[in-house]
Amino acid sequence: MGKVVLVTGAARQLGGRFVRRIQRDPEVERVIAVDAVTPPHRLGSAEFVRTDIRQSAIARVLAEHAVDTVVHLAVTGGRTGGAHSTVKETNVIGTMQLLGACQKSPTVRRLVVKSSTSVYGGTSRDPAVFTETTQPKSLPAGGFAKDAAEVEGYVRGFARRRPDVAVCVLRFANILGPFADSALAEYFSIPVMPTVLGYDPRLQFVHEDDVLDVLRLASQEPRRGTLNSGTFNIAGDGVLLLSQCSRRLGRPTLPLLLPAVTWVGSALRAVGVTDFSPEQIRLLTHGRVVETSQMREVLGFEPMYTTAETFADFARSRGSGLLPPERVGRAVDRVAAMLGADGLDADVDAAEGAKR
């Protein structure tokens with residue numbers, strides 16, 4: 001008998017793609033796709049069960065299908081067609097109900113949870129690089145980061161109560177790619193990007209194809225020399241500055257004082273342009289970079305895309321911006337000079353010039 005895999009969040013773009021991907025695994029016999037709404041996309045041969053994980057009915061689904069592997073992708077941020085309170089309830093209350101059902105299930109043997117590097121928070125006192133054991137300087141005050149931190153707390157409690165279940169928590173950096181539908185992808189798609197005056201944060205990305213591959217790896221039996229349980233940072237190699245992202249998109253930035261950026265973010269949210277939340281403003285102020293050696297040495301995963309390659313693939317899917325990249329580059333450097341900051345390194349300019 002093959003494995004029976006249950007995937008939550010199947011109506012989301014990422015969840016639907018993973019459902020179709022995991023069906024190709026020769027070890028998998030059946031895939032049960034779960035969400036509170038009917039997916040707008042096809043799910044292949046998977047069996048779709050419309051149920052809200054905030055309700056106790058999820059326990060019946062696990063029992064009826066004798067599920068042995070649960071991949072929890074319903075932890076998400078940004079707009080999902082409902083109010084933030086509904087999103088938070090799905091993230092936190094839904095996870096509590098799911099873990100309660102898994103705890104009672106005699107068949108569940110593996111749990112994979114999608115989390116985020118946002119659990120590390122974002123302050124001026126943060127270390128240059130976060131490891132899996134780094135404690136945040138201050139706990140996230142709200143939004144998706146707080147939801148993810150609470151979810152991880154409940155998962156740790158579940159792991160203590162069910163030591164026989166292999167639990168894998170994947171902390172993803174910002175996910176980008178041609179099909180990305182995150183708040184950051186929306187931000188990078190607006191014609192002029194508001195930024196915080198005097199800051200040029202370091203950013204890290206992971207390609208959506210790599211996300212699917214590492215989820216599949218984590219849901220399998222571990223290969224020799226690897227361990228598919230624990231908490232792992234997942235990101236592509238290297239970093240990009242926000243100014244580099246701007247010039248590669250061909251979209252100019254609008255440096256503003258922090259209070260003005262907050263006001264602009266509220267205005268953009270009000271008109272539905274992008275979910276420019278306080279959490280995202282902190283990211284675009286302080287940035288965030290994580291260490292990924294555990295991902296390679298323990299989990300045994302090697303991403304196909306670097307951070308720069310991930311962003312390049314995303315940029316191609318968004319088309320050209322208002323200005324040619326070289327003009328944006330000159331404008332960004334001019335603003336940096338006016339602020340008394342250093343421009344980008346000469347080797348970066350030379351590399352971009354070679355590409356053009």
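The values are calculated or read from the model by the stated rules, or taken from the named source; none is laboratory data. Predicted model only: the values in this text are computed from it and were never measured. Every residue, glycine among them, receives a Cβ derived from its backbone with ideal geometry; neighbour counts consider all protein chains shown. With ligands, DNA and RNA removed, areas are computed over all heavy atoms of the protein, side chains included. Shrake-Rupley method; radii C 1.70, N 1.55, O 1.52, S 1.80 Å.
Just to be sure, is Val71 modelled with pLDDT of 95 or more and buried (at least 17 other Cβ atoms within 10 Å of the Cβ)?
Taking the combined requirement at face value, the residue satisfies it.
Consider Glu64 against the criteria (1) in contact with a Ser or Thr (Cβ under 9 Å, 6 or more places away or on another chain); (2) assigned to a helix (DSSP H, G or I); (3) more than 22 Å from Ser116 (Cβ to Cβ): it satisfies all of them except one. Which criterion is unmet?
If we test Glu64 against (1) in contact with a Ser or Thr (Cβ under 9 Å, 6 or more places away or on another chain); (2) assigned to a helix (DSSP H, G or I); (3) more than 22 Å from Ser116 (Cβ to Cβ), just (1) comes out false.
Would you please list the contacts, defined by Cβ atoms under 9 Å and residues six or more apart or on different chains, that run from a residue in the range 50-64 that is within 20 Å of Thr76 (Cβ to Cβ) and open to solvent by less than 30 Å² (accessible area, probe 1.4 Å) to a residue that is acidic (Asp, Glu) and not in a loop (DSSP other than H, G, I, E, B)?
Every condition considered, the pairs that remain are Thr51/Asp35; Ile53/Asp35.
Gly230 versus (1) closer than 30 Å to Val5 by Cβ; (2) in contact with a strand residue (DSSP E or B) (Cβ under 6 Å, 6 or more places away or on another chain); (3) open to solvent by 10 Å² or more (accessible area, probe 1.4 Å): which is the lone unmet condition?
Condition not satisfied by Gly230: (2).
Go through the range 156-174 residue by residue and tally those that are open to solvent by less than 30 Å² (accessible area, probe 1.4 Å), farther than 17 Å from Gln135 by Cα and either among the aliphatic types (A, V, I, L, M) or under 20 Å from the mean Cα position of the chain (by Cα) (or both).
Qualifying residue count, the range 156-174: 4.
Can you go through Asp342, Asp349 and tell me which one is at pLDDT below 65, touching a helix residue (DSSP H, G or I) at 6+ places or on another chain (Cβ under 8 Å) and either open to solvent by less than 50 Å² (accessible area, probe 1.4 Å) or part of a helix (DSSP H, G or I) (or both)?
Criteria check complete, one pass: Asp349.
Suppose we filter the range 1-32 for residues that are within 16 Å of Thr90 (Cβ to Cβ) and of a type in the set (Gly, Ala, Ser); how many remain?
Going through the range 1-32 one residue at a time, the tally reaches 4.
Can you name the residue in the range 274-309 that is over 23 Å from Asp209 (Cα atoms) and among the hydroxyl-bearing types (Ser, Thr, Tyr) and is also modelled with the lowest pLDDT among such residues?
Thr274
For the range 272-311, which positions are outside any loop (DSSP other than H, G, I, E, B) and among the small types (Gly, Ala, Ser)?
Ser293, Ala308 - these are the residues of the range 272-311 that are outside any loop (DSSP other than H, G, I, E, B) and among the small types (Gly, Ala, Ser).
Condition (residue is hydroxyl-bearing (Ser, Thr, Tyr) and within 17 Å of the chain's Cα centre (by Cα)) applied to the range 184-194: is it met by at least one residue?
Checked against the condition, which is being hydroxyl-bearing (Ser, Thr, Tyr) and within 17 Å of the chain's Cα centre (by Cα), the range 184-194 yields at least one hit.
List the number of the failed condition for Val211; all other conditions in (1) open to solvent by 10 Å² or more (accessible area, probe 1.4 Å); (2) of a type in the set (A, V, I, L, M, F, W, C); (3) not in a loop (DSSP other than H, G, I, E, B) hold.
(1)
Pairs please, first residue from the range 254-273 and modelled with pLDDT under 80, second anywhere and surrounded by 15 or more Cβ atoms within 10 Å (Cβ to Cβ) and part of a helix (DSSP H, G or I), Cβ atoms under 6 Å, 6+ apart in sequence or on different chains.
Cβ pairs passing all conditions: Gly265/Ile281.
Could you check, for the range 249-256, whether at least one of its residues is assigned to a helix (DSSP H, G or I), more than 27 Å from Phe276 (Cβ to Cβ) and open to solvent by less than 10 Å² (accessible area, probe 1.4 Å)?
Looking for residues that are assigned to a helix (DSSP H, G or I), more than 27 Å from Phe276 (Cβ to Cβ) and open to solvent by less than 10 Å² (accessible area, probe 1.4 Å), one finds none in the range 249-256, hence no.
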